[in-house]
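Enquirer: Submitted below is the structure of interest, expressed as structure tokens.
The values are calculated or read from the model by the stated rules, or taken from the named source; none is laboratory data. None of the values given here were measured: they were computed from a predicted structure. Heads up, the Cβs are rebuilt from the backbone with ideal geometry, glycines too, and the neighbour counts pull from every protein chain shown. Accessible surface is based on the protein model in full, side chains and every heavy atom, while ligands, DNA and RNA are left aside. Shrake-Rupley method; radii C 1.70, N 1.55, O 1.52, S 1.80 Å.
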Amino acid sequence: MKIKEVEDRPQALIEQLLIVWESSVKATHLFLSENEIESIKKYVPQALKEIPHLIIVENKYQVPVGFMGIENQHLEMLFVSNEERGKGLGKKLLNYGIEQYSVNDLAVNEQNPLAKGFYEHMGFEVYKRTD
């Protein structure tokens, strides 16, 4: 597995990352309906194009299997394809963000207990709640 930052974001890469996003969301965001996922999916390509720092993790075939987006010191997004979950890729991405960009803050949906537990395990603490 290889972690790399991407400056150029061609449509082919955006489409690959959208597949990763959808795989991850369907596996972890069980509180979202299929219609809600489809609705949110429309906004993901633009977010991927606009995020200041986009970091991907590729498998041995150079296919993206996870990614994160960072703005300032805030983790805006972190997704790992369902097939690659549990292999430490989220931890590697997050550690990269902490080391390279001093990530110290993120938002997580409480309805996603796996993500909440992951971030708490990684040392993050709840400091505020929003609706």
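Each row is one residue, and each column tells you yes or no for (1) closer than 17 Å to residue 18 by Cα; (2) among the basic types (Lys, Arg); (3) open to solvent by less than 40 Å² (accessible area, probe 1.4 Å).
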{"residue": "49", "(1), (2), (3)": "yes, yes, no"}
{"residue": "73", "(1), (2), (3)": "no, no, no"}
{"residue": "77", "(1), (2), (3)": "yes, no, yes"}
{"residue": "115", "(1), (2), (3)": "no, no, yes"}
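Enquirer: Hey, among 100, 111, which residue is over 13 Å from residue 21 (Cβ atoms) and in a loop (DSSP other than H, G, I, E, B)?
Expert: So the residue among 100, 111 that is over 13 Å from residue 21 (Cβ atoms) and in a loop (DSSP other than H, G, I, E, B) is 111.
Enquirer: Of (1) under 22 Å from residue 114 (Cα atoms); (2) modelled with pLDDT of 95 or more; (3) charged (D, E, K, R), residue 5 satisfies all except one. Which?
Expert: (1)
Enquirer: Can you pull out every residue in the range 8-19 that is open to solvent by 20 Å² or more (accessible area, probe 1.4 Å) and closer than 24 Å to residue 112 by Cα?
Expert: Scanning the range 8-19 gives 16, 18, 19.
Enquirer: Please go through the range 45-71 and pick out each residue that is outside any strand (DSSP E or B) and of a type outside the set (A, V, I, L, M).
Expert: Listed by number, the residues that qualify are 45, 46, 49, 50, 52, 59, 60, 61, 62.
Enquirer: Would you check which residues across the range 20-44 are surrounded by fewer than 14 Cβ atoms within 10 Å (Cβ to Cβ) and either of a type in the set (Ser, Thr, Tyr) or assigned to a helix (DSSP H, G or I) (or both) and list them?
Expert: If the condition is that a residue be surrounded by fewer than 14 Cβ atoms within 10 Å (Cβ to Cβ) and either of a type in the set (Ser, Thr, Tyr) or assigned to a helix (DSSP H, G or I) (or both), then 26, 33, 34, 35, 36, 38, 39, 41, 43 are the ones that fit.
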